[in-house]
């Protein structure tokens with residue numbers, strides 16, 4: 001088995017690529033590129049980038065956007081006071097009440113589990129945590145060894 005296989009392969013590929021002749025662009029490429037550039041420059045002002053728009057058009061667009069943003073902020077601010085929002089929130093609360101039930105059940109289970117752990121002897125608790133940590137380390141080590149064995153070059 002050759003230890004320097006990667007470096008020899010790299011040198012061989014590099015030598016072969018450097019020996020290839022340079023490719024010439026098709027003769028129609030330059031005229032097509034120049035035509036695309038000219039068509040962009042000749043486009044109407046509203047199809048050009050915003051920085052190329054005339055100053056009055058930019059100012060008008062900016063004012064429209066500011067008014068739209070302000071009305072959106074005002075609408076969001078006043079939304080909770082509307083009757084439709086209140087009805088929708090009541091309807092959504094009814095749909096999502098099962099999440100509250102699940103949350104309360106999980107709190108009860110986790111609270112009971114925390115009380116049970118507090119009642120355990122500290123030595124037993126530390127022993128169980130050590131066993132879990134050792135099992136995790138063994139699984140990690142065996143998984144790494146299996147992966148290295150599976151990916152090893154033969």
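Taken together, the values in this text are just the output of simple stated rules run on the coordinates, not laboratory data. All figures in this text were calculated on a predicted structure; none of them were measured in a lab. Because the Cβ atoms are built from the backbone with ideal geometry, glycine has one as well, and the counts that use them run over all protein chains shown.
For the range 35-53, which positions are assigned to a loop (DSSP other than H, G, I, E, B) and surrounded by fewer than 10 Cβ atoms within 10 Å (Cβ to Cβ)?
Once the filter is applied, which keeps residues that are assigned to a loop (DSSP other than H, G, I, E, B) and surrounded by fewer than 10 Cβ atoms within 10 Å (Cβ to Cβ), the range 35-53 yields 42, 44, 49.
With touching a residue at least 12 places away in the same chain (Cβ under 8 Å), in contact with a helix residue (DSSP H, G or I) (Cβ under 8 Å, 6 or more places away or on another chain) and assigned to a helix (DSSP H, G or I) as the only criterion, which of 61, 57 stands out?
When all the criteria are applied, what remains is 57.
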